[in-house]
Amino acid sequence: MTDDAFDTLMASVDPPLVVVTTAADDERAGCLVGFHAQSSIDSEHYSVWLSKANHTYRAGLRAQHFAVHFLTDEDLALAEAFGTRCGAEVDKFADLAVDTDEHGVPLLRALPNRLVLERIAVLDDGGDHVCVTARILSAHAGERFTPLRVSDASGLEPGHPAEDRAVAP
Ligand SMILES: Cc1cc2nc3c(=O)[nH]c(=O)nc-3n(C[C@H](O)[C@H](O)[C@H](O)COP(=O)(O)O)c2cc1C
C-alpha cells in the first residue's frame, strides 16, 4: 500500500462531517469530526474518533454523554467554527443558540439532525485518535439532507497541527 493509494481511497469515500459536543464538570466542548460511523445494529451503537490533540478529547475522557450533530451542505460556517479553533482558548458556544440536555450536553439549535450518545468504551489503539463507542439514547431527524463532506471543508485548517497529537512511540 502506498500513501497515495490510501489518500485516493479516502478522498473517494469523502466522509460526511459532524460536530461532536460533550460536557464534563460543567465544561462544554465540541469539535468537527470526520471519523465516525454506526457500529452496531441491534443494539444500535455509534462510534466517533477524537484526536488526542483536542480539547474535546480531554473533556470526552471525563464525559459519559455526547451529541453528534450532522452538518448539511449549508453548514460550512459551523464546520469552521468547531474545526479550526481550540475550545481551551475560545468559547465556541458563546455566539450560538445552545440548549443543554438532561446530561449537560450542549445541543446546537442550528443543527437539528443529531444523535445523543451514552459512552460504552474508549479504545486507544496507539494511534493519534481514540475511539469512543456509544449506545444511541435518542435520534432526531428532519428532512433528508445533503451532508457537508470532507472535500467541502478542504479550505479549513484544523485547530491543532498534526504534531500536537500524542502518539505512543
Ligand atoms: C475536515 C476536518 C476533519 C476533522 N476530523 C476530526 C476527527 O475525525 N476527529 C477529531 O478529533 N478532530 C477532527 N478534526 C480536527 C478538530 O475538529 C479541530 O482540531 C478542532 O479545532 C479541535 O477543537 P478542540 O480543541 O476545541 O476540541 C477535523 C478537522 C477538519 C478541518
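The residue of the range 108-129 that is farthest from the ligand (Cβ to nearest atom), among those that are in a strand (DSSP E or B) and crowded, with 18+ Cβ neighbours inside 10 Å, is V116. Of all residues in the range 1-57, those that are in a helix (DSSP H, G or I) and either near the ligand (Cβ under 8 Å from one of its atoms) or closer than 24 Å to A77 by Cα (or both) total 7. Looking only at residues of the range 67-97 that are within 12 Å of the ligand (Cβ to nearest atom) and not in a loop (DSSP other than H, G, I, E, B), we find that the one that is nearest to R119 (Cα to Cα) is V68. Only residues that are surrounded by 12 or more Cβ atoms within 10 Å (Cβ to Cβ) and either at pLDDT below 95 or over 14 Å from R119 (Cβ atoms) (or both): list them for the range 12-28, please. The answer is D14, P15, P16, L17, V18, V19, E27, R28.
Would you say E157 is near the ligand (Cβ under 9 Å from one of its atoms) and either assigned to a strand (DSSP E or B) or out of contact with any strand residue (DSSP E or B) (no Cβ under 8 Å at 6 or more places or on another chain) (or both)? Yes.
The values are calculated or read from the model by the stated rules, or taken from the named source; none is laboratory data. Since the model is a prediction, treat every value here as computed from it, not as a measurement. Note: ideal-geometry Cβ built from the backbone for every residue, glycine included; neighbour counts use all protein chains shown.
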